[in-house]
Amino acid sequence: MTTRHAMHAKRVVADSASGLQNLIDSSEEVLESLKDQQGAAVDRLRERLSATMRVAQHRLSDLDLPDTASAALESTVGFVRGNPWRAVALGALGVLAAVLFMRTTD
């Protein structure tokens with residue numbers, strides 16, 4: 001089930017990346033077609049398109065993080081499936097540490 005969620009997340013990220021790249025490409029085409037145009041309205045349009053492209057490029061670069069998180073998730077799932085008792089022991093240690101931490105903060 002977790003693998004299914006990871007695969008779905010990868011598809012969503014890929015679709016988002018594709019959409020952002022299409023937006024960037026379209027904006028570049030519009031800017032290219034406006035390069036010979038003059039006027040205040042055209043200048044404002046260029047500024048807005050440039051700002052949109054910067055935001056889209058920034059968001060596109062941020063989409064690499066989910067791929068890393070997805071790989072970490074898949075690695076964790078592999079560890080838990082391969083070592084179920086170790087995973088239970090680590091979980092129990094985490095709960096014990098949380099309980100001890102809660103007692104020391106009171």
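So the values come out like this:
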read-out: Candidate set from the stretch 1-39 (those that are hydroxyl-bearing (Ser, Thr, Tyr) and modelled with pLDDT of 75 or more); member that is surrounded by the fewest Cβ atoms within 10 Å (Cβ to Cβ); value: Ser33
read-out: Options Thr104, Thr52: the member that is in contact (Cβ under 8 Å) with a residue 24 or more places away in the chain and of a type outside the set (Gly, Ala, Ser); value: Thr52
read-out: Residue check for Ala17: touching a helix residue (DSSP H, G or I) at 6+ places or on another chain (Cβ under 9 Å) and not aromatic (Phe, Trp, Tyr); value: yes
read-out: Cβ-Cβ under 9 Å pairs, at least 6 apart or on other chains, the stretch 7-31 side within 18 Å of Arg46 (Cα to Cα), far side among the β-branched types (Val, Ile, Thr); value: Leu23/Thr52; Ile24/Thr52; Ser27/Thr52
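The values are calculated or read from the model by the stated rules, or taken from the named source; none is laboratory data. No experiment lies behind these values; they were computed from the predicted model shown. Cβ: placed from backbone, ideal geometry, glycine included. Neighbour counts: every protein chain shown.
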